[in-house]
Amino acid sequence: MNEIIDFHQHLVLQKLSAPEERITADDEVTEELIYASAEELVKAMEENGVVQAVLHGLPNEVWCYYGNNECVAKVVKKYPDRFIGSVHIYTDEVNKSKEIIKEYVDKGFRSVKIMPPLHSCYPDDPLFSGVFELINKLKLMVLFHMGELLSGKGQEYEAKYAHPIYIEKLARLYPETTFILAHMGGIRCLEGMVGYKKGFELINKYPNVYMDCSSTTAYKVFLEWNENRTPLDFSKIMWGSDVKPSVIKERIEKIKEILTEIGLETEINKIFYQNGNELLSTQSVAE
Ligand SMILES: [Zn+2]
């Protein structure tokens, strides 16, 4: 089995009594629950050849069933070779975000997760430059959620804040930062402006911009790209799962099937392993 690196994963907090079900707001997040959920994830990774995953914290007030920064820190500490920690921040809280980043980088985290629709802010707003200056100084990776977004309660956030167009200025201003566009830049973002098309432009043009092909969005993006086959730098795309452990296998198989179908078999190993491995070995957090 070829080895795989996963650039977009979360800790799904699963019920101890029924590991197939995620917890609800009434369940208490105990250490036992965190470690049991992590064990499920590690087991699924082993079964599918996933040797390493970037594990992104998420805010519990939006998704009660996903591990937050503290949960991720515990899991990274227990499995340091398996997981790379990624700290979730609200960019608009500049001073608080800077403190949170420093706290988690001290715990070994190498990445930051930002979901602009959650706080209805354009990521390139000059008001948040202090946050990006720190990220750049520390040479971290940043995974931006791109495209549509639903909360755990089904509330829909405005996707206009999650369009790759708002990453371009950041990519230019902060060359030491590795920017990763989740879900290939997304599809429905701005009215009349398909996310992934701008995303492709950015990864082709800026050495510090990459994308992950996580979620079912990636299926559609690859198939749509195939209709016109515009220039695309495949060395800048990494695989991401962004699903609960039991679905990882299905996601891997489906992406491989699509890539084969559109004649990109030779890119499979690069997308699933080589590109990510190269990025991780060259990207090191500043002291
Ligand atoms: Zn995600």
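Inspect all residues belonging to segment 132-147 and state whether any of them is aliphatic (A, V, I, L, M) and over 17 Å from the mean Cα position of the chain (by Cα).
As a first pass, look at segment 132-147 and keep what is aliphatic (A, V, I, L, M): 134-135, 138, 140-143, 146.
If we keep only those that are over 17 Å from the mean Cα position of the chain (by Cα) too, we end up with 134, 138.
Yes, there is a match, as at least one residue in segment 132-147 is aliphatic (A, V, I, L, M) and over 17 Å from the mean Cα position of the chain (by Cα).
Among the residues of segment 91-135, which ones are closer than 19 Å to Leu170 by Cα, of a type in the set (Phe, Trp, Tyr) and out of contact with any Pro (no Cβ under 8 Å at 6 or more places or on another chain)?
The answer is Phe128, Phe132.
Within segment 124-148, count every residue that is in a loop (DSSP other than H, G, I, E, B), in contact with a helix residue (DSSP H, G or I) (Cβ under 8 Å, 6 or more places away or on another chain), more than 20 Å from Gln283 (Cβ to Cβ) and away from the ligand (no atom under 13 Å from the Cβ).
1
Go through segment 220-247 and report how many residues are away from the ligand (no atom under 16 Å from the Cβ), part of a helix (DSSP H, G or I) and either without any contact (Cβ under 8 Å) to a residue 24 or more places away in the chain or out of contact with any Phe, Trp or Tyr (no Cβ under 7 Å at 6 or more places or on another chain) (or both).
11
Can you tell me which residue within segment 50-73, out of those that are within 13 Å of the ligand (Cβ to nearest atom) and among the β-branched types (Val, Ile, Thr), is surrounded by the most Cβ atoms within 10 Å (Cβ to Cβ)?
Val72
Counting only residues that are over 23 Å from Gly147 (Cα atoms), touching a helix residue (DSSP H, G or I) at 6+ places or on another chain (Cβ under 9 Å) and hydrophobic (A, V, I, L, M, F, W, C), which one in segment 74-104 is surrounded by the fewest Cβ atoms within 10 Å (Cβ to Cβ)?
Per the criteria, the residue is Val94.
Collect the residues in segment 91-121 that are modelled with pLDDT under 95 and not in a helix (DSSP H, G or I), keeping them in residue-number order.
Thr91, Asp92, Glu93, Ser120, Cys121, listed by residue number.
Check off (1) touching a residue at least 40 places away in the same chain (Cβ under 8 Å); (2) within 16 Å of the ligand (Cβ to nearest atom); (3) out of contact with any Cys (no Cβ under 8 Å at 6 or more places or on another chain); (4) aromatic (Phe, Trp, Tyr) for Tyr174 and give me the number that stays unchecked.
Condition (2) is where Tyr174 drops out.
Of all residues in segment 184-227, count the ones that are surrounded by fewer than 20 Cβ atoms within 10 Å (Cβ to Cβ), at pLDDT 95 or above and among the polar types (S, T, N, Q).
2
Here is a list: Gly154, Gly192, Gly185. Which entry is over 30 Å from Ile34 (Cα atoms) and more than 16 Å from the ligand (Cβ to nearest atom)?
On the way: Gly154 fails: over 30 Å from Ile34 (Cα atoms); Gly185 fails: more than 16 Å from the ligand (Cβ to nearest atom).
Testing whether each residue is over 30 Å from Ile34 (Cα atoms) and more than 16 Å from the ligand (Cβ to nearest atom) leaves just Gly192.
The rows are residues; the columns are (1) polar (S, T, N, Q); (2) over 18 Å from Ala53 (Cα atoms).
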site: Glu176; (1), (2): no, yes
site: Met193; (1), (2): no, yes
site: Gly199; (1), (2): no, yes
site: Leu202; (1), (2): no, yes
site: Met211; (1), (2): no, no
site: Leu264; (1), (2): no, yes
site: Gly276; (1), (2): no, no
site: Ser281; (1), (2): yes, no
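For a quick check of your reading of the model, give me the residue pairs whose first member lies in segment 1-28 and is closer than 21 Å to Lys249 by Cα and free of Cβ contacts under 8 Å to residues at least 12 places away in the same chain, whose second is surrounded by 11 or more Cβ atoms within 10 Å (Cβ to Cβ) and not acidic (Asp, Glu), with beta-carbon atoms closer than 7 Å and at least 6 apart or on different chains.
Within 7 Å, the pairs are Glu21/Gln14; Glu21/Lys15.
Mind listing whichever residues of segment 200-218 are assigned to a helix (DSSP H, G or I), without any contact (Cβ under 8 Å) to a residue 60 or more places away in the chain and within 16 Å of the ligand (Cβ to nearest atom)? First the steps, then the outcome.
Pass one, segment 200-218, residues assigned to a helix (DSSP H, G or I): 200-205, 217-218.
Checking the rest, the ones that are also without any contact (Cβ under 8 Å) to a residue 60 or more places away in the chain come to 200-205, 218.
If the condition is that a residue be assigned to a helix (DSSP H, G or I), without any contact (Cβ under 8 Å) to a residue 60 or more places away in the chain and within 16 Å of the ligand (Cβ to nearest atom), then Ala218 is the only one that fits.
Might you let me know whether segment 49-62 holds any residue that is touching a strand residue (DSSP E or B) at 6+ places or on another chain (Cβ under 9 Å) and polar (S, T, N, Q)?
Filtering segment 49-62 down to residues touching a strand residue (DSSP E or B) at 6+ places or on another chain (Cβ under 9 Å) leaves 49-60.
So of that shortlist, the ones also polar (S, T, N, Q) come out as 52, 60.
Yes.
Which of the residues spanning segment 2-49 are part of a loop (DSSP other than H, G, I, E, B), under 29 Å from Phe179 (Cβ atoms) and either among the β-branched types (Val, Ile, Thr) or more than 16 Å from the ligand (Cβ to nearest atom) (or both)? Let's see the steps before the verdict.
In the first step, residues of segment 2-49 are kept if they are part of a loop (DSSP other than H, G, I, E, B); the result is 2-3, 10-11, 13, 15-21, 23-30, 49.
With under 29 Å from Phe179 (Cβ atoms) added as a condition, the list becomes 2-3, 10-11, 13, 49.
Of everything in segment 2-49, those that are part of a loop (DSSP other than H, G, I, E, B), under 29 Å from Phe179 (Cβ atoms) and either among the β-branched types (Val, Ile, Thr) or more than 16 Å from the ligand (Cβ to nearest atom) (or both) turn out to be Asn2, Glu3, Gly49.
Go through segment 1-37 and count every residue that is closer than 26 Å to Asn275 by Cβ, surrounded by 19 or more Cβ atoms within 10 Å (Cβ to Cβ) and not charged (D, E, K, R). I'd like the intermediate steps shown before the answer.
Filtering segment 1-37 down to residues closer than 26 Å to Asn275 by Cβ leaves 1-12.
Those still in the list that are surrounded by 19 or more Cβ atoms within 10 Å (Cβ to Cβ) too: 4-12.
Those still in the list that are not charged (D, E, K, R) too: 4-5, 7-12.
So the count comes out to 8.
The values are calculated or read from the model by the stated rules, or taken from the named source; none is laboratory data. Remember, it's a predicted structure, so these values are computed and weren't measured experimentally. Every residue, glycine as well, gets a Cβ built from its backbone with ideal geometry; the counts of neighbours run over all protein chains shown.
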